[in-house]
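Okay, structure first, notes after.
The values are calculated or read from the model by the stated rules, or taken from the named source; none is laboratory data. Here the structure is a predicted model, which means the values were calculated and not measured. Neighbour counts run over all protein chains shown; Cβ positions are idealised from the backbone, glycine included. Surface accessibility is based on the protein's heavy atoms, side chains included, excluding ligands, DNA and RNA. Shrake-Rupley method; radii C 1.70, N 1.55, O 1.52, S 1.80 Å.
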Amino acid sequence: MTVVAVIDSGGGNIGSVRYALERLGARSMLTADPATIASADRVILPGVGAAAPAMARLRELDLVDTIRRLQQPLLGICLGMQLLYESSEEGEVECLGLLSGRITRLPPGPGVRVPHMGWNLLQKHESAAAERLLAGVGERDQAYFVHSYAAPVTADTLASASYGARFTAVAGRGRCFGAQFHPERSAAVGSRLLANFLALEA
């Protein structure tokens, strides 16, 4: 059985994430212990809230270097994905730096209300990493988003979505991955992404 360390980042979505993992046959542990995180088969960094207090919590728990040194697959969810980037405009905070780019606020506009809440179409980008993490996700599939800030589209983008502007919906580099949407609230698409993450080679 795959053991997943779910980092206790203080996000309100943690219980739903653990339940989604357990439905897929994984055993999850909510933990802030560096040794437990480092020894798990997979690691998930969830997050709901703002970047600055979330990074402050990771520093307070002495987890920043632990996360940066992980050798097993890591998945950031929602704010957790944003923390994987170099910095965030939200609170002008330095983040983990595992993915290239800066998180910025979604641009409001006619018919575009921020925060972005609801279902949105995913556009897959061609890459080997996208084929692994998004296997089984179709061209017309949608996922459920709740966010005001987003990552730019870069070489690390595995899938994007559009809301006022195009942004990264799924990212990946090496063993580090992120989903801006909530897999635990995205029905079959979210379940597929989590199942693919659990199946990744360590």
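Summary of computed values
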read-out: Rounded to the nearest 10 Å², the accessible area of HIS147 at probe 1.4 Å; value: 10
read-out: Unit charges at the beta carbon, dipole of the chain: most positive-side option, THR104, SER16, GLN72; value: SER16
read-out: Answer label for mean projected area of the Cα convex hull in nm² (calculated), chosen among (i) 14.9; (ii) 9.8; (iii) 17.9; value: (ii)
read-out: The stretch 1-124: antiparallel DSSP beta bridges as a percent of all, rounded to 5; value: 20
read-out: Per residue accessible area in Å² of the stretch 49-202, where ligands, DNA and RNA are left out and the probe is 1.4 Å; value: 43
read-out: Radius 13 Å from Cβ of GLN180, net charge of other residues (Lys, Arg +1; Asp, Glu -1); value: +1
read-out: Neighbour cut-off at most 14 other Cβ (10 Å), DSSP loop, GluC sites (Glu not before Pro), the stretch 125-163; value: GLU126, GLU139
read-out: Environment charge at ALA165 (Cβ cut-off 15 Å; Lys +1, Arg +1, Asp -1, Glu -1); value: +3
read-out: Cβ-defined net charge surrounding VAL137, 12 Å radius [Lys, Arg +1; Asp, Glu -1]; value: +1
read-out: Derived scalar couplings ³J(HN,Hα) [the stretch 16-33; Karplus, 6.51 cos²θ - 1.76 cosθ + 1.60; whole Hz; x for Gly, Pro]; value: 5, 5, 5, 5, 4, 5, 5, 4, 8, x, 8, 9, 10, 10, 7, 8, 10, 8
read-out: Whole-Hz couplings from phi, Karplus 6.51/-1.76/1.60, listed for the stretch 106-120; x for Gly and Pro; value: 4, x, x, x, x, x, 10, 9, 10, x, 7, 10, x, 7, 8
read-out: Sum of -39500 (n - 2.57) over DSSP H runs of 4+, divided by residues of the chain (222 nm, nearest 500); value: -7000 deg cm²/dmol
read-out: Most fluctuating residue given options GLY76, GLY25, GLY111, as computed from a GNM of the chain linking Cα atoms under 10 Å; value: GLY111
read-out: Accessible-area composition of the stretch 71-202, carbon plus sulfur, in percent [1.4 Å probe]; value: 50
read-out: ³J(HN,Hα), Karplus 6.51/-1.76/1.60, whole Hz, each residue of the stretch 122-137, x for Gly, Pro; value: 9, 10, 6, 9, 6, 6, 5, 5, 5, 5, 6, 7, 10, 4, x, 8
read-out: Student exercise, the chain dipole from Lys, Arg, Asp, Glu Cβ charges, in Debye to nearest 20; value: 380
read-out: Label-point gap, in nm, between LEU24 and THR154 - each point 7 angstrom along Cα→Cβ; value: 2.4
read-out: Candidates per trypsin sites (Lys or Arg not before Pro) in the stretch 82-178, loop by DSSP, up to 14 other Cβ within 10 Å; value: ARG113, ARG140
